[in-house]
Amino acid sequence: MSYKTVDRVSRSGLSLGLRLGLGMALVSLVPVTTVQAQVRSSGKKMNPGSAIQIVESIKTMNRADSLLPPPATDDDFFPRDAAKEGLGRLLFFDKILSGNMNTSCATCHHPLAGTSDGLSLPVGEGGLGLSTTRDTGHGPDRVHERVPRNAPHVFNLGAFEFTQLFHDGRVALDPSQPSGFATPAGNDLPLGLDSPLAAQAMFPITSGAEMAGQSGENSVGDAAAAGQLAGPGGVWDQLAGRVSSIPEYVTLFQSVYPDVQVASDITIVHIANAIGSFESGVWRADNSLFDQYLRGDRMAMSPKAIKGMSVFYGAGGCASCHSGTFQTDQSFHAIGMPQIGPGKGNNLPGYSDGLDDFGREGVTGDMADRFRFRTPTLRNVAITGPWGHDGAYSTLRGVVEHHLNPAAALETYDTAQAVLPSDPALDPIDFICANDPVRRAALASAVEIAPVNLTNGQIDFLIEFLYALTDRKSIDMRLDVPESVPSGLPLAE
């Protein structure tokens, strides 16, 4: 509340004493760790503006609190294993796991870029540079295509409730499968994977655009292009062989895994489990101001953020999809996100360029799932842009406003905001779908969320709340990067 409002209240004859009395009376109604007690314990002096802000904040709290999720606890996450996480950290940053030994998991999921890469669409194998400085490479080794979907952040994906990963959920926990997971590898997926994160780690290394390289460039890329993932000479076997040839790695694996006695015992499953353990443990992020609020500290968030919380769980309707402890219903929805980039090889009727992306339909084969994508968790959302399954929006406000009226946003989408390193061979196809009225209409017709009318002020409050979802330790993650890796390959991109 502004000081002008306080002045108006003062002139109306409401004394400071009465205002403080009302504030304290309302505070006494708060059921969890009272604001009154926290103000007293803080030792801070209260001014008239503070009293009025408390009154308004408590009203907002009381409206929103009944809709809030429970806070995250240790029981929501896999137990941590420091030795396994340490091994996984080295593997995550080591380019030994890419076909041409020039790309690591960290290339597209770097802690200095919020465990993503800061680009709308990743530039994988063949690119040079980190995050927004990355280009598409040079000469015969330059990239052949952009990775068709945004690199999602990794925060909190080690929580038990995240049983489906990737934007389309193509890696999912499934006890009916021999491996325990439904994945594109089917029965070729080996047994023994610890978690969905470990299962997910099996696949970027098999992608020509991401890490494997192209056919003819290296034997890993050749195997990937031939679809030979498992078995002797397959992608996974070759990469495990590379790692097991490095003595420092062998020693580390022996110290972490009792079943690794000699170098030849190291498998891709050991590698993936270590990477998944690192991601799960180190990038847990559940101590934002909102998390502190959920745990009882009603002074943690600012009055503006509390008003934004009320919009999020009230008039904005955000929690209809972004529900639960991690603000995701773990489901898939069509929200009409503008389609940019090379697509996933899908084609609307009358098209044959493969630039469409049907999302979840590509996994289920059900046309009802067309254009549906997984609801992302919102923890650390303010530091993990660009936003959308293809990174179409470069500002948090832009993606918020898209949700308020997706059909209208499709028609006014500004392609200039996409963060895509320029390339003469790739630029011409980047916005073909976004600029096609027929394709835009198809996206709009599938939208599942109704338009919402919010004032600019409500949007401002909502964004303030989204910033309050940032875990402070996630802002500076420089120490997550090792000084070197056992292969001796450079960490620099």
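Our coupling estimate for the stretch 132-137, obtained by passing each phi through the Karplus curve with A = 6.51, B = -1.76, C = 1.60 and θ = phi - 60°, is 6, 8, 6, 10, 9, x Hz, Gly and Pro reported as x. Remark: the Thr364-Leu173 segment gains 67.3 nm on full extension, using 0.36 nm per residue and subtracting the alpha carbon distance. In order along the stretch 327-336, the Karplus-derived 3J(HN,Hα) couplings, from 6.51 cos²θ - 1.76 cosθ + 1.60 at θ = phi - 60°, round to 6, 8, 7, 6, 10, 10, 9, 9, 10, x Hz, and Gly and Pro are given as x. With a cut-off of 14 Å between beta carbons, the residues surrounding Val282 carry a summed charge of -1, where Lys and Arg count +1 and Asp and Glu -1.
Each of Gly398, Gly213, Ile335 was scored by the projection of its Cα onto the charge dipole of the chain, and the greatest displacement toward the positive side belongs to Gly398; charges sit on the C-beta of Lys, Arg, Asp and Glu.
Positive contributions from Lys and Arg (+1) and negative ones from Asp and Glu (-1), summed over other residues with Cβ under 15 Å from the Cβ of Ala441, come out at 0. By its C-alpha gyration tensor, with a ≥ b ≥ c as the square roots of the eigenvalues, how is the stretch 419-471 shaped: rounded for a/c under 1.5, else prolate for a/b larger than b/c, else oblate? Oblate, because a/c is 1.5 or more while a/b does not exceed b/c. The Cα center of the stretch 447-472 and the Cα center of the stretch 379-438 differ in position by 18 Å.
When only the Cβ of Lys, Arg, Asp and Glu is charged (+1, +1, -1, -1), the dipole of the chain relative to its Cα centre reaches about 2540 debye. Amide H to amide H distances under 5 Å link Val171 with Leu165, where only residues 5 or more positions off or on other chains count and H is placed in the peptide plane. Taking amide H positions as modeled 1.01 Å from N, with prolines and chain starts lacking one, the residues under 5 Å from Asp356 and 5 or more places away or on another chain are Lys344, Gly345, Asn346, Leu348. Distance from the alpha carbon centroid of the stretch 124-196 to that of the stretch 328-357 works out to 18 angstrom. Computed packing ranks the peptides 324-334, 111-121 as 111-121, 324-334, most packed first, by mean other Cβ atoms within 10 Å. Considering only Asn102, Gln458, Pro428, and ranking their Cα positions along the charge dipole of the chain that arises from unit charges at the beta-carbon of Lys, Arg, Asp and Glu, the one farthest toward the positive end is Gln458. Spatially close Lys pairs in the chain, defined by Cα atoms under 27 Å apart and a spacing of eight or more places or different chains, total 20.
What number comes out for the charge environment of Arg379, summing +1 per Lys or Arg and -1 per Asp or Glu over other residues with Cβ under 10 Å away? Spelling it out: positives minus negatives among the neighbours equals -2.
A Förster distance of 41 Å, applied to the separation of the beta-carbon atoms of Ala225 and Thr133, puts the FRET efficiency at 0.90.
Bear in mind that the values in this text are calculations on the coordinates, not laboratory data. This structure is a prediction, so every number in the text was calculated from the model and none was measured. We place every Cβ from the backbone using ideal geometry, glycine too, and count neighbours over all the protein chains shown.
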